[in-house]
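What follows is one structure encoded as structure tokens, with my remarks underneath.
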Amino acid sequence: MSGVIGVFDSGVGGLSVLHHIRLQFPNARLIYVADSAHVPYGGKPTHYIERRAHTLTRFLISQGTDAIVIACNTATAAAVASLREHFSIPIVGMEPAVKPAVTATRSGVVGVLATIGTLESARFAALLDRYAGEVEIVTQSCPGLVEQVEQGDLDSLRTRKLIERYTSPLLARGADTLILGCTHYSFLTPLIRDVVGEHTALVDTGAAVARQLLRRIEAELPDRTAGDATARFFTSGNAALATRIMSSLWDDSVVAQQLPQTYL
Ligand code: DGL
């Protein structure tokens, strides 16, 4: 195994997962692709997202990637099964953290913030069947929120108003635990915390995904702490814009390159 880990999302949201991957694999070579020309995935047809997921996976494999993380709940719901059918390398997906939230709630009501694509997927329905038990699960899609993060707008009044609009029905139903079921929302954690108050638990999934990746590929990685850490960043959208926004969200300054034409 060459130790290159490829990560993709519809946009910059997956950088929140990449952060946890970097912590688990301090010296791995990372490649991140933001599918910015096609963001948001939420609301797009399943076959569209599936096609993009295949295209991005082919690009990542062309760059020497030997494990893939779908740092996107929506793309996982739409495409993880068909990616695993077509590609033989390990592919780790993610889904809203229902199980830990159900364990954490004291009020017996859990709210899920996610895209409409995730909430309407068969995978999400199966997840609830498996883990919800007696707990009431209240869902809320959040149109417009991904776009705010894509603009690097993490704390404006408009972003706050959207968060108030989407969280208030969940709190009104008695939810004491909110699942951040979209990787973009992780970047809004401070603002969401400010809006919902300190007594509402926020459950994120990024760290669990990185641990899952570690379990999947540990045996094949000779030494995950050896080698030169690198991170390369790509976008299907505007490279200058992606460079600016990604640099504000990643731990270091980023130079984003545009994907080659065949992958756009
Ligand atoms: N970040 C993605 C997710 O986790 C999708 C956001 C979008 O493109 O709608 O679901």
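Things worth noting here:
- Among the residues of segment 38-55, those identified as open to solvent by 40 Å² or more (accessible area, probe 1.4 Å) and either assigned to a helix (DSSP H, G or I) or more than 9 Å from the ligand (Cβ to nearest atom) (or both) are Pro45, Thr46, His47, Tyr48, Glu50, Arg51.
- Take the conditions (1) within 14 Å of the ligand (Cβ to nearest atom); (2) at pLDDT below 95; (3) surrounded by fewer than 19 Cβ atoms within 10 Å (Cβ to Cβ); Thr205 misses just one of them, which is (3).
- Only one entry in Thr159, Thr243 is modelled with pLDDT of 95 or more, β-branched (Val, Ile, Thr) and open to solvent by less than 10 Å² (accessible area, probe 1.4 Å), namely Thr159.
- Answer residue from segment 50-75, given it is out of contact with any His (no Cβ under 9 Å at 6 or more places or on another chain) and without any contact (Cβ under 8 Å) to a residue 40 or more places away in the chain and is nearest to Thr230 (Cα to Cα) among those: Ser62
- Within segment 59-75, the set of residues being more than 8 Å from the ligand (Cβ to nearest atom) and either among the small types (Gly, Ala, Ser) or out of contact with any helix residue (DSSP H, G or I) (no Cβ under 7 Å at 6 or more places or on another chain) (or both) comprises Leu60, Ile61, Ser62, Gln63, Gly64, Thr65, Asp66, Ala67.
- Complete set of residues in segment 16-31 that are over 14 Å from Ser186 (Cβ atoms) and within 12 Å of the chain's Cα centre (by Cα): none
- Counted residues, segment 87-104 - those being surrounded by 20 or more Cβ atoms within 10 Å (Cβ to Cβ) and either in contact with a Lys or Arg (Cβ under 9 Å, 6 or more places away or on another chain) or not in a helix (DSSP H, G or I) (or both): 8
- Residue selected from segment 16-37 under the condition open to solvent by 30 Å² or more (accessible area, probe 1.4 Å) and not in a loop (DSSP other than H, G, I, E, B), by the criterion farthest from the ligand (Cβ to nearest atom): Arg29
- Subset of segment 168-215 [touching a strand residue (DSSP E or B) at 6+ places or on another chain (Cβ under 6 Å) and of a type in the set (D, E, K, R)]: Arg173, Asp204
- Of all residues in segment 113-122, those satisfying the criterion of being more than 9 Å from the ligand (Cβ to nearest atom), under 21 Å from Leu145 (Cβ atoms) and either acidic (Asp, Glu) or not in a loop (DSSP other than H, G, I, E, B) (or both) are Leu113, Leu119, Glu120.
- Whichever residue in segment 1-15 is surrounded by 24 or more Cβ atoms within 10 Å (Cβ to Cβ) and within 12 Å of Val69 (Cα to Cα) and, among such residues, is farthest from the chain's Cα centre (by Cα): Ile5
The values are calculated or read from the model by the stated rules, or taken from the named source; none is laboratory data. In this text, all values refer to a predicted model and were calculated from it rather than measured experimentally. Quick reminder, even Gly has a Cβ in these numbers, built from the backbone with ideal geometry, and neighbours come from all protein chains shown. Calculation scope for accessible area: heavy atoms of the full protein, side chains included, ligands and nucleic acids excluded. Shrake-Rupley method; radii C 1.70, N 1.55, O 1.52, S 1.80 Å.
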